[in-house]
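Structure, as structure tokens:
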Amino acid sequence: MKAYKIFIALALLTVAGLTSCRDQFAELNQKPDAVTTAEPSFLATRAQTLFETNDYLFWFYNHSLYFRWTQMGASGVFTEGSYGMDGSAVHRQTSYITMLTYRNDINKYIKTYEHPEFQAYADMCGVLAIYGALYAIDINGDIQYTEASLYTQGGPLTPKYDRVEELYDLFVTELDGYIATFKDDKQVVVAKQDIIYNGDLTKWAKLANSLKLKIAVRLYANNPGKAGQIAQSVVSSGLYIDSLEDAFIFHKADAATGGDLAYQTGNSVSMMGASENVINYMVNGLDPRVRFFYTKNGFNSKIIQEFIDEDKYDKLPPFVQENINLDEEGNFASYKLGEPWNRYHGRPIVWELSDEYKKWEGTYFDYTDRYQLTVGDANKSYGIFSSLTEEMIRGRCGYTVPTIPGGPVIQDNAQVPWWGMYLGAGEVNLYLAELRQLGAISTGSAQAYYEKGVELSVREWDFVAGKNKIPYYGTTYGYDPLEESIELKDGEIAAMLATDAVKWDGSLEKIYLQQLMNFTMLPNELYVTARRSGYPKVGSKLLPLVQFDKFQLTAVPRRFEFSEPLVTDIMYDIRMANFREQGFTPGKNQSGMGHASTSLLNTERLWQDKNAPQWGAGK
């Protein structure tokens, strides 16, 4: 009898287990169109982890073009090749398509399951889509937007191109709708699922409103009245990014749980070299950001002394010799500029084989024995120029402290989760300074916006540099007793604002130059700002654009080229029609390399660029 009861109990347990399993797998056994989709919170999180407009390919292909075309950087001497490209050497922004996909999928979920309280998740993706779409428009002009990423929901397989002017209007309307959602107290958001703002919808509303200022400054050349209306509505609302706490700065993971998710990319990038004119402007302006954006050169005081000891003082770079004091015995005594400023130097902006190039050929461009030391069997070379700091764009970087041959090996190989800057209060306030000085808005003081913009830009980039633990931030590595760390120090911003290079004088030039400095690590924005403003300006006493005798500024590209698509492309007719509508001549080489003349890329402009000044002309 006891055995029989045990058998019954086991049978009941088995049935219960089978029922439980059946309940767990019931959904998987449904028809495909009835399978439950991911919840909006998970979709929004995934969209945020995929969001990126300055990814590895952007830095690999585009960033060096932007720096050379604007002379905000230099990889060597300038040639006609510095302004050329081919259709394959372009990374076109498409990240907004991914964001649209997630926005559309969440909206479908909300409509299907009647959950309007989740609308904020869709609208977060919508804000990110507009951010990315603005980048795409900066490169392409017209883009596919209103019909894009809708095929799985019954939309067209061949979406139309939307015109730039219409898109700017649409973006403002959409952003207003998103802001209304973010203000809705019925919205439900799981804080930990929002890796950007931790569920703070007020900050999302500020980001959405601040994006309208990016639209306004792009629109201004063609429709200053409308640009002013958009900007004035933002200022009047008081709802925009105006502090470091509100800035669109975030990281995607604290550990390598998602591979490159934490560190941005595992691939090394050849970073653009600094421009002598830019570095001089920043150092003369006591701008702390020069330390966050650019690397120190290899000439610390111990290495300089070793050059002296090896009777190679004359082999030191000219600017090193000019910036040090020697004692009575000819030994290193001190820096004239003082730390931490003396080790930032850029390449001269000179044309190949010009008289100016010949002047520097045996010094700046001699990489044989001039910048090398040999002690016993050990030999080392030292970098003389600064370049962009790679740790500011990816977390997997190493740094070796320059030491004399045979000296200690001091390395910083820490892998640090990467933090990215996308839109800060510095950028926003500098836009407001520009628009106020132009008379586009009537609220506030241009000087107050400008000074606040400069201060917040410095503080934001100091914050990002600290999070990314770039070389010399918070440490000297203990090798050179005269070395100083590079983090922001008390009183530096006030000192910067008091210099002739930065001090407010009511000029648009200083506003635009500070925008350019702020965008050093956002090269797309740097390029767009130089293109729409005409700065750096030829003949400027602050930061001049060099006019080469053998190359005219009218041949510097103002857009990338477009190659004629293959005739087998189902979008062939649509693409060709859009080229005609925008007034573009596509390249004929169907391999993807059109080889358009740079002059053509200057005259056939994107819609938003049609009334902007020529390179170097200023406003």
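When you filter the trypsin sites (Lys or Arg not before Pro) in the stretch 274-338 for DSSP loop state and at most 13 other Cβ atoms inside 10 Å of their Cβ, you are left with 336. Rounded to the nearest 0.05, the FRET efficiency derived from the C-beta distance between residue 237 and residue 580 at R0 = 35 Å is 0.30.
Test of understanding: what is the full-extension gain from residue 185 to residue 484, defined as 0.36 nm times their sequence separation minus their Cα-Cα distance? Let's see the in-between values first.
Working: separation 299, 0.36 × 299 = 107.64 nm, distance 4.95 nm.
Gain on stretching residue 185 to residue 484: 102.7 nm.
Kirkwood hydrodynamic radius of the stretch 229-314, from the reciprocal of the average inverse Cα-Cα distance over all distinct pairs: 18.5 Å.
Ranked by accessible surface with a 1.4 Å probe, highest first, in what order do 70, 603, 585 come? Walk me through the intermediate numbers first.
Working: 70 0, 603 100, 585 70 Å².
Of 70, 603, 585, the descending order of accessible area is 603, 585, 70.
Between residue 326 and 333, the built amide H atoms are under 5 Å apart, and every one of these is 5 or more places off in sequence or on another chain. Which entries in the list 469/619; 183/214; 226/510 go over 29 Å, if you measure between the two C-alpha atoms of each? In this structure, 469/619 lie more than 29 Å apart at Cα.
A 1.4 Å probe, protein heavy atoms only, puts the accessible area of residue 46 near 120 Å². For the stretch 112-214, the set of GluC sites (Glu not before Pro) satisfying both a DSSP loop assignment and a count of at most 11 other C-beta atoms within 10 Å is given as 114.
Between residue 547 and residue 503, the modelled labels are 2.9 nm apart [label points 7 Å from Cα along Cα→Cβ]. Annotation for the stretch 121-143 versus the stretch 513-570: alpha-carbon center distance of 21 Å. In this label model, residue 354 and residue 310 are separated by 3.3 nm, measuring between points 7 Å along each Cα→Cβ vector.
In terms of overall dimensions, the stretch 157-284 has a Cα radius of gyration and Dmax of 19.2, 55 angstrom.
What's the Kirkwood radius of the chain in Å, using all Cα pairs? Before the final figure, lay out the partial values.
Numbers: mean 1/r = 0.0373 Å⁻¹.
With all distinct Cα pairs of the chain included, I get 26.8 Å.
Convex hull volume per residue, computed on the Cα atoms of the stretch 330-472, equals 202 Å³.
One chain, two ends: residue 567 and residue 326. Fully extended at 0.36 nm per residue, the span grows by 79.8 nm beyond their Cα-Cα distance.
If you place +1 on the Cβ of every Lys and Arg, -1 on the Cβ of every Asp and Glu, and leave all else neutral, what size is the dipole of the stretch 521-617 about its Cα centre, to the nearest 20 Debye? Working shown, then result.
Values: 12 positive and 9 negative charges, 92 e Å.
In total the dipole reaches around 440 debye.
Full extension of the chain between residue 554 and residue 94 gives 162.7 nm of extra length, using 0.36 nm per residue less the Cα-Cα distance.
When every Cα-Cα distance of the stretch 403-500 is counted in 5 angstrom steps from zero, the calculated P(r) takes the values 2, 11, 15, 16, 15, 13, 9, 8, 5, 3, 2, 1, 0 percent. Beyond 15 Å, the tail of the calculated P(r) for the stretch 154-193 holds 64 percent of the Cα pairs.
Could you provide, to the nearest whole Å², the per residue accessible area of the chain with probe 1.4 Å?
Working: 25680 Å² over 619 residues.
About 41 Å² of surface per residue is accessible.
Rounded to the nearest 20, the size of the Cβ-charge dipole of the chain about its Cα centre is 1480 debye, with Lys and Arg at +1 and Asp and Glu at -1. Of all aspartates and glutamates in the structure, those lying under 13 Å Cα to Cα from residue 503, and not within fewer than 8 positions of it along the same chain, are 287, 451, 455.
Can you give the Rg to Rh ratio for the stretch 493-619, taking only C-alpha atoms and Rh from Kirkwood? Rg/Rh: 1.10. Computed about its Cα centre, the charge dipole of the stretch 429-475 is approximately 140 debye, with only Lys, Arg, Asp and Glu carrying charge at their Cβ. Can you tell me the 0 to 90 degree angle between the C-alpha axis of helix 446-467 and the longest principal axis of the chain, rounded to 10? That helix lies at roughly 80 degrees to the long axis. Output needed: percent of Cα pairs per 10 Å distance bin for the stretch 401-460, bins running from 0 to the one holding the longest distance. So the P(r) values, bin by bin, are 21, 27, 16, 15, 14, 6, 1.
Taken over the Cα atoms of the stretch 367-417, the convex hull encloses 87 Å³ per residue.
Of the options 149, 208, 295, report the single residue whose Cα projects farthest towards the positive end of the charge dipole of the chain (beta-carbon charges: Lys, Arg +1; Asp, Glu -1). Farthest towards the positive end: 149.
For residue 80, the accessible area of its heavy atoms, probed at 1.4 Å with every protein chain present, is near 120 square angstrom.
When the charge dipole of the chain is built from unit charges on Cβ atoms (+1 for Lys and Arg, -1 for Asp and Glu) and taken about the Cα centre, the candidate among 249, 129, 89 whose Cα reaches farthest toward its positive end is 129.
Could you please state how large a percent of the accessible area of the chain is carbon and sulfur, counting protein chains only and using a 1.4 Å probe?
52
With a Förster radius of 51 Å applied to the beta-carbon distance between residue 336 and residue 176, the computed FRET efficiency rounds to 0.40.
Averaging the sequence gap over all C-alpha pairs within less than 8 Å and six or more residues apart, then dividing by the number of residues, gives the stretch 102-200 a relative contact order of 29 percent. The rule of thumb for compact globular proteins, 2.2 N^0.38 Å, goes into the C-alpha radius of gyration of the stretch 295-363 1.23 times.
Seen from all directions on average, the stretch 30-149 presents a Cα convex hull projection of 9.7 nm².
The values are calculated or read from the model by the stated rules, or taken from the named source; none is laboratory data. Note that this is a predicted model, so its numbers are computed, not measured. Here the Cβ is made from the backbone with ideal geometry for all residues, glycine too, and neighbour counts use every protein chain on show. Note: accessible area is taken over every heavy atom of the protein model, side chains too, but ligands, DNA and RNA are not part of it. Shrake-Rupley method; radii C 1.70, N 1.55, O 1.52, S 1.80 Å.
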